[in-house]
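Just below is one structure, and these are the notes that go with it.
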Amino acid sequence: MGSLDDAAADNTTQETTLNTIRSVSGDWDNSNVTTTKGVSSFTSSGTFTAPTGCSSFEVQVWGAGGGGAMRNSQNGASADGYGGGGGAYTLTVVNSVTAAEAYTVTIGSAGAGAVPGSGYPTQYIQSGSAGGSSSFVGRNVNMTSGGGSGGTDSAAAGGSASGGMIDLDGETGIEGNNPSGGSANIGGIGGAAPFSGGRSVASGNGNSGGGEGIPQPGIFPGGGGSTRHVPSGGPAGNGGSGAAGFCIVRW
């Protein structure tokens, strides 16, 4: 049997077999290793073009989180506002891909936190804005991960998902804590997006004898923003913003 690096000169069965194994797993010094694996991530809308040698790939898509509500105690309201809903999550595997095939990627914008409107302070709840939907669309795939609802005086729904092997809706926002017999007023927590888009933390105390509750933004990707709680007579301010959507492609 000849040299392991000279299959052409010594065409024995053993040498041919070894050469075949090396062509798949790489030579001892890695001189024959060729990789076609890669990752593309999108934090803004764009186009994914399948690279040479790519016949299939995995896609994960997150919708954006909704913005949190703003609540004030001017009218002695008995309920606090809710955090924004979390964006949805979709995963699928795309097969039968050809090189240079293009796919459209849309990334949802973060939902804005509530802004004190002309009705403040007599209108004690101001609503956050909904997060935008994210999607991945092409010849043989149509995935959509919806954005979470903006926080209001009722539960903010998480986004819904479709078009994947795994479709998971985002979580709803959580109501704040405004006890009638106590002084602590804690802003509502934003909902989580599945896999990595965790909840925002609750805003701090906003009681009548203390400072206002400062909201927190949603956790990227797709988390909902928390509520801003403003004590009676306190300064107005925006609710927490949601987190933007996201897309990852692996091949």
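For residues that are aliphatic (A, V, I, L, M) and open to solvent by 60 Å² or more (accessible area, probe 1.4 Å), scanning just the stretch 29-53, find the one that is modelled with the lowest pLDDT. Even if it seems obvious, please write down each step before you answer.
Restricting attention to the stretch 29-53, the residues satisfying the condition of being aliphatic (A, V, I, L, M) are 33, 39, 50.
Within this subset, residues satisfying the condition of being open to solvent by 60 Å² or more (accessible area, probe 1.4 Å) are 33, 39.
Values: Val33: 33, Val39: 93.
Here the residue is Val33.
Output the residue which, of all residues in the stretch 155-173 that are under 20 Å from Arg228 (Cβ atoms) and open to solvent by less than 40 Å² (accessible area, probe 1.4 Å), is modelled with the highest pLDDT.
Checking each candidate, the answer is Gly173.
Please find, among Ala114, Ala79, Ala69, Ala102, the residue that is among the aliphatic types (A, V, I, L, M) and at pLDDT 95 or above.
On the way: Ala114 fails: at pLDDT 95 or above; Ala79 fails: at pLDDT 95 or above; Ala69 fails: at pLDDT 95 or above.
Answer to the selection: Ala102.
Each row is one residue, and each column tells you yes or no for (1) closer than 17 Å to Ala114 by Cα; (2) at pLDDT below 90; (3) open to solvent by 60 Å² or more (accessible area, probe 1.4 Å).
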position	(1), (2), (3)
Gly151	yes, no, no
Glu175	yes, yes, yes
Ile186	yes, yes, no
Asn207	no, yes, no
Gly210	no, yes, no
Ile214	yes, yes, yes
Arg228	yes, yes, no
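The values are calculated or read from the model by the stated rules, or taken from the named source; none is laboratory data. All of these numbers come straight from a predicted model, not from anything done at the bench. Because the Cβ atoms are built from the backbone with ideal geometry, glycine has one as well, and the counts that use them run over all protein chains shown. Each accessible area value is taken on the protein alone, full model and side chains, heavy atoms only, with ligands, DNA and RNA left out. Shrake-Rupley method; radii C 1.70, N 1.55, O 1.52, S 1.80 Å.
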